[in-house]
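Trainee: Below is the structure I would like to discuss, written out as structure tokens.
The values are calculated or read from the model by the stated rules, or taken from the named source; none is laboratory data. Nothing here was measured: the structure is a model prediction, and the numbers come from that model. Cβ: placed from backbone, ideal geometry, glycine included. Neighbour counts: every protein chain shown. Calculation scope for accessible area: heavy atoms of the full protein, side chains included, ligands and nucleic acids excluded. Shrake-Rupley method; radii C 1.70, N 1.55, O 1.52, S 1.80 Å.
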Amino acid sequence: MKLLKLVPDNTNIGFVAIRKWAFALTALLTVLAVGATAHKGLNLGVDFVGGLMIEAKFPQAVDTDKVRSTIGRLGVGESSLQQFGDANTVQIRLPLPEQGGAGAANAVVEKTRKAMTAQFPGVTFSRYDTVSGKVSGELIQNGVLAVVLAILGIAVFSWFRYEWQFGVSTFVAIVHDVLMTLGFFAITQLEFDLNIIAAVLTIVGYSINDKMVIDDRIRENMRKYRKMDMKALIDLSVNETLPRTVMTSVTILLALGALLLLGGHVLRGFTAAMMLGIIVGTYSSVYVSSSLLISLGLTPQTSEKKATRKGDYAGTAERVGPRDDGAKP
């Protein structure tokens, strides 16, 4: 039985030849993502903005203006409505009562439930969450700090693990992946909550795993082929790791596709962020991070000099074949 191969043997794709086009596309997408985030903003969930969030499920499509009018007559504060997932589901956001704590919030939910049931028979509240303003501020700060520290830590690790060029290229690629995710949520206006922060951190982890595999192969080939042109060496390294990269991405996307279809609307944002991150992370690993090493001036000779300074003579030694007597060289 013939094995399925998503990438044929001896694949030789010239990734470096189109690096300038890839850089231009990357810059354009980054500017669009930043612009969309700045212009439209993120649809922050109750985790980040604080307040009371109610998810109402109607038996059929409903007019949000009628829902807003019904809630407005209750005197519970200004409401913000958004259709969520499908036309039958509406996300209702209300300010928290100034006094009374959790008991007052539960009273608002019950009051809203009775009014909605009377106006829209068959409606159900699938879930509701409450977060205070102080807690939401702390969550924003901690979420941003977690992402920033993860990116910086990974870049510093790449710097010391390889050369500084690897650290810079890794930093640029991961920032690109994160900004693409933010731009996607700004454009689609999917709810951005703590689940998405978890997805972003997972995307960062996946991206660095993919980049480390390619970077390891590049450094290995730099020591093996010390006189090879850097462009050809990077093409060789990326093509050698391409089967692993494609197979990993495809299998993860299959699992996420099942989660997107069967996981329900609660996990839809998380799954969408992960799927986008896998695609963007694979693109940045192949076209951005690797090719950027050339623009940063990395050559096999620079790696050899660093290895010599550290005393890593094994990395710069010529390869030795097996001895005639069968012993190890």
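Trainee: Would it be correct to say that Ala173 is in contact (Cβ under 8 Å) with a residue 60 or more places away in the chain and among the small types (Gly, Ala, Ser)?
Mentor: So Ala173 passes the test.
Trainee: Would you mind stating whether Leu194 is at pLDDT 85 or above, closer than 30 Å to Asn88 by Cβ and either open to solvent by 30 Å² or more (accessible area, probe 1.4 Å) or touching a Leu at 6+ places or on another chain (Cβ under 7 Å) (or both)?
Mentor: No: the conditions fail for Leu194.
Trainee: Continuing with the same structure: For segment 291-306, what are the residues that are modelled with pLDDT of 70 or more and among the small types (Gly, Ala, Ser)?
Mentor: Ser291, Ser295, Gly297
Trainee: What helices (runs of 4 or more DSSP H) lie completely within segment 189-297 and have 3 or more residues being within 30 Å of Gly41 (Cα to Cα) and touching a helix residue (DSSP H, G or I) at 6+ places or on another chain (Cβ under 7 Å)?
Mentor: Per the criteria, 194-224, 230-262, 268-283.
Trainee: For a quick check of your reading of the model, give me the residue pairs whose first member lies in segment 19-45 and is on the phi > 0 side of the Ramachandran plot, whose second is open to solvent by less than 90 Å² (accessible area, probe 1.4 Å), with beta-carbon atoms closer than 8 Å and at least 6 apart or on different chains.
Mentor: Gly41/Ala186
Trainee: Being surrounded by fewer than 21 Cβ atoms within 10 Å (Cβ to Cβ) and closer than 27 Å to Arg68 by Cα is true for just one of Thr202, Thr130, Thr112, Thr188. Which residue is that?
Mentor: Only one candidate passes the filter, namely Thr188.
Trainee: Looking at (1) surrounded by fewer than 20 Cβ atoms within 10 Å (Cβ to Cβ); (2) in contact with a Lys or Arg (Cβ under 7 Å, 6 or more places away or on another chain), which is the one condition that is false for Gln141?
Mentor: (2)
Trainee: Could you list, in sequence order, the residues of segment 57-98 that are of a type in the set (Gly, Ala, Ser) and at pLDDT below 75?
Mentor: Residues satisfying the conditions are Gly77, Ser79, Ser80, Gly85, Ala87.
Trainee: Also, I was wondering about something else. Report whether or not Phe166 is assigned to a helix (DSSP H, G or I), buried (at least 20 other Cβ atoms within 10 Å of the Cβ), modelled with pLDDT of 80 or more and of a type in the set (Phe, Trp, Tyr).
Mentor: yes
Trainee: Right, here's the next one. Can you pull out the residues in segment 246-265 that are open to solvent by 60 Å² or more (accessible area, probe 1.4 Å), within 16 Å of Ser207 (Cα to Cα) and of a type in the set (A, V, I, L, M, F, W, C)?
Mentor: Within segment 246-265, just Met247 meets the criteria.
Trainee: Something else about it: Got a sec? Which of Ala38, Ala27, Ala22 is open to solvent by less than 50 Å² (accessible area, probe 1.4 Å) and not in a loop (DSSP other than H, G, I, E, B)?
Mentor: Only one candidate qualifies: Ala22.
Trainee: What is the residue count in segment 51-95 for residues that are within 15 Å of Val109 (Cα to Cα) and free of Cβ contacts under 8 Å to residues at least 12 places away in the same chain?
Mentor: 2
Trainee: Being under 28 Å from Leu149 (Cα atoms), open to solvent by 30 Å² or more (accessible area, probe 1.4 Å) and among the basic types (Lys, Arg) narrows it down to one of Arg226, Arg268, so name that one.
Mentor: Arg268
Trainee: I'd like to check something: does segment 150-160 contain any residue that is farther than 20 Å from Leu236 by Cα, open to solvent by less than 20 Å² (accessible area, probe 1.4 Å) and of a type in the set (S, T, N, Q)?
Mentor: yes
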